[in-house]
Each structure stands twice: as C-alpha cells, then as structure tokens.
Amino acid sequence: MNDVVIQKTSAFFQEKFGSTPEKVVLSPGRINIIGEHIDYNDGYVLPAAIDKIICFAFSKNNSNESNIIALDLNEEMVVDLTAKVRLSEVVWTNYLLGVVKQLQDNGFNFEGFNCVFSSTIPVGSGLSSSAALECGFLYGINALFQLQIKPVDIALMGQKAEHWVGINCGIMDQFSSVMGLENQVIKIDCKTLEFEYHKADFNEYALILFDSNVKHSLMTSAYNQRRQQCEEGLAILKNNFPEISSFRDCSLEQVQQLQNVMSPNVFKRCSFVVKEIQRVALACAALDQGAIETLGQLMFETHAGLSKEYEVSCDELDYLVDFVKNEKAVVGSRLMGGGFGGCTINLIKKGEEETIKSKLVQGYKTAFGIDLKIYDVKIGNGTSLYETIVS
C-alpha cells in the first residue's frame, strides 16, 4: 500500500512541477501500546511507529514562496516565507505553518520549495496523522536545505508546532513518529526524553485496530481540561508531600490520603495517572518476558481506567472493548489516543482475526448503526528518506 502512495505522490509532483522530486520522505503514524494521557504528566509511554505513512515529495524552487499540495484533499497552499506566519482558517495548513514558524523562530535559513503529500494514515482515528504531518514536513525541509537538525529536535519542534495550532499535546506522538524502529516499541521518559527500545514480539497475536468511526467534538476542550485537572492535583500533592516533583514520584496511597482535599474529578484523574505509570513498567517487563497475555490484561485495565477514572471514553469505544472481552481469542483491548472516538487497539490470536472482525462489525452496526473500520497494523520505522526514487 505504501508503494502505491509513494508512486502516486512522486508522479503527481512530476506532473505538477515538471521534475522528479529531490527528496521523498516517509513519515509514519503511531500506536501506543500503553501509557495513555501520560506524556504530558511526565510519566512513561510505550508507543511505536506503524506501517501507515504520509509520503512527502520535495524540491527547491529558488524563490521566497513555498507551494504545498495536499493531494488527498485536492487543496493547495502558498506560503510567503518573507511574511509573518499567521493561523489560517484551513485546519490542515496550520500544522505546516506551525513548522515554518518553528524554523523561523529558531533562526534557520531556508528558501522556497515545492511539496506534495499524500497519506495512508486514517485521519481522526487516533493514529497521530498530525504528528506525522508536522515531523515529515520538517524532516523534508531539514534534508532539502541541510539544516542539520537532530531527530529528537525535529520531534520537539513538531510538538511546538502543534502547540501553536492550539493542541497542548505531550511529546509522545512526534517522538514515536520520528524515532520508531521496525518491530520495536519505545519506552519514553517524557520528563527527560531518555528512551529505550523493547522488542515487540507479540508471538501468536496480531495487532488490529477497530475504528469506531466517530469523533465526538469534546476532544480538544476535554483534553485541555484533563491537563488542568492533573496540574491542579499535582500541585496539591506537592504541597502535602515535598518530596514529590511529578506523578512518577507519587504512590497511589499518597493520592488516596488526599482524596478529601481534591475535587472528585481531580482525584480520579490523579489515581488514573499514577496507576497508568505503573502499568507501563509492568508492560515492558511483560514484553521482555514474552508474556503477551499479561500485556493484554494490562491493556484491559488501562481501558477501564480511561473510561471510569479519566473519563475520556464514549459509548462506542466501551462497546468495542466490552464486546471482545468475552472472546477467548482476544487477550487485550483498550481505547487508544485522546479518546471520545477513534480506535481501540487489540491483541487477537492469529488465525482468529476474521472471525472476531466479522462478529464485531455486525454487532457494532446493530448497536450504533455505524460501519466499523478495521486496520491491521505492523510496527515500522520512524520518519526517513525514501532513497529509491530520489534522482
């Protein structure tokens, strides 16, 4: 599938601009095995890049303007690099404008270029298409103009670009998109950005995403609200326990001791965060030991926490997880991403995938009148240059 999008993007670039692209960049979406809503709480997360990508084709155009074409949307933007970058009313353009602003703010010199991009990452499914867009775009400009920006800094600048757009995200999405390795998950320390790879051998289980095909409008406001509630809870914890500097220093018992000091919602958020940080460590141990059933149980526990304590699930996601809980072939399932829609991530015994898919498609349609989308994913490499096509 990726070969098709690479050829399509490059062919369109040649047709539009009359030359072969100088650089072709592949920038992946990501999954997160466990550690949801933990990246902005200075915890640990366990994401991986996947084999669904945005393909970018780039060439210099020897001007002060950049022409950027979103092939899938059949839309185009022109960026005057001599003018101050401002937010646009066209949503997708803002992620790219945010990257341009980051480069300008950090004093990098670059000229006009032509760019075409196309994607195999489903938008709005919690697979971080926005991070792939920011990081792939920045990676391409970096390669085209030899700016010498390090991969970790590409991730950090991509994160700041998203902040500028208005989503106060943590570092996980951009980091995993840039730093991913095939068949490896990355344990990221979101406080220090130290990271380590763990082999992602799921043995006889396949990774399958069930896309609820809903996106409730609560997402952005609720995301920012959860951040504020966590900050409020952490401030209370610090006031009562001076040794605590972040949730990673905190035990569940300490949170429980302060239940009467916190609002009910703040207490629930803090309880979830502390437990989820612990689950990431347990998940790494399970992967290292090949204990995939243990990993699956942790995923079910995470979903329960996201639904009841962090309250970012919805009826559709809860249905998808509850449905597969009763299937012996499914050892783990949870909502993945910000919540209020998007996908569940599932570990399903190989050979049983089609049976589970068929049952769930029918059940979901009956329950909600919505067609379920299904994505089989494999863990792939992070953002990279596609050398074969480059002239």
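A short reminder: the numbers here are calculations on the coordinates, not readings from a lab. These numbers come from a predicted model, not from an experiment. When we count neighbours, we look across all protein chains shown, and the Cβ atoms used for this are built from the backbone with ideal geometry, even at glycine.
Please work out which option in [x] 15; [y] 32; [z] 11 gives percent of Cα pairs over 41 Å apart calculated from these coordinates, and answer with its label.
The value matching this structure is [x].
Measure nothing but the geometry: give the 0 to 90° angle between the long axis through the Cα atoms of 292-308 and the longest principal axis through the Cα atoms of the chain, rounded to 10°.
90 degrees
In what order do Val280, Val152, Val116 fall by count of nearby beta-carbon atoms within 10 Å, going from fewest to most?
If I rank by nearby Cβ atoms, fewest first, I get Val152, Val280, Val116.
Using only Cα atoms and rounding to the nearest 10 degrees, what angle (0 to 90) does helix 315-325 make with the longest principal axis of the chain?
That helix lies at roughly 70 degrees to the long axis.
What's the local net charge at Ser119, with K and R +1, D and E -1, over the other residues with C-beta under 10 Å away?
Residues close to Ser119 contribute a combined charge of 0.
Would you calculate a helix-derived [θ] at 222 nm for the chain, using -39,500 (n - 2.57) for each DSSP H run of n ≥ 4 and dividing by the full residue count, to the nearest 500?
Roughly -14000 deg cm²/dmol at 222 nm, from the helical runs in the chain.
Given H placed on each backbone N at 1.01 Å, which residues far from Arg334 in sequence or on other chains put an amide H within less than 5 Å of it?
For Arg334, the qualifying residues are Ile345.
Quick one: if you stick a label point 7 Å off each Cα along the C-beta vector at Lys84 and Lys215, how many nm between them?
Placing both labels 7 Å along Cα→Cβ, they lie 3.1 nm apart.
In terms of modelled amide H atoms, which long-range or inter-chain residues lie less than 5 Å from the amide H of Gly124?
Ser129
Could I have the simple spin-label model distance between Glu253 and Glu65, label points 7 Å from Cα toward Cβ, reported in nm to one decimal?
6.7 nm
Could you give the length gained on full extension between Glu182 and Ala291, defined as 0.36 nm per residue of separation minus the Cα-Cα distance, in nm?
The span from Glu182 to Ala291 would gain 37.2 nm if fully extended.
So how far, in whole Å, is the C-alpha centre of the stretch 98-156 from the one of the stretch 192-263?
For the stretch 98-156 versus the stretch 192-263, the Cα centre distance is 27 Å.
For the chain, give me the percentage of DSSP beta bridges that are antiparallel, rounded to the nearest 5 percent.
So the antiparallel bridges amount to about 95 percent of the total.
When ranked by the protection proxy of mean other Cβ atoms within 10 Å per residue, highest first, what sequence do the peptides 72-84, 122-134 form?
122-134, 72-84
Multiply the residue separation of Val91 and Gln225 by 0.36 nm, subtract the distance between their alpha-carbon atoms, and state the gained length in nm to one decimal.
46.1 nm
Mind giving me the FRET efficiency for Lys308 and Ile374? R0 is 30 Å, r the Cβ-Cβ distance, nearest 0.05 is fine.
0.70
Counting other beta carbons within 10 Å of each Cβ, put Leu282, Leu71 in order, fewest first.
By the 10 Å Cβ count, ascending, the order reads Leu282, Leu71.
When the Debye formula is applied to the Cα atoms of the stretch 113-204, each taken as the same point scatterer, what base-10 log of I(q)/I(0) results at q = 0.16, 0.22, 0.23, 0.25 Å⁻¹?
For the stretch 113-204 at q = 0.16, 0.22, 0.23, 0.25 Å⁻¹, log10 I(q)/I(0) is -0.73, -1.23, -1.29, -1.39.
Leu385 to Ile244: extension gain in nm, 0.36 nm per residue of separation minus the Cα-Cα distance?
Value of the extension gain: 46.5 nm.
Mind checking the angle between helix 219-240 and the chain's longest principal axis? C-alpha axes, 0 to 90 degrees, to the nearest 10.
It is inclined by approximately 50 degrees.
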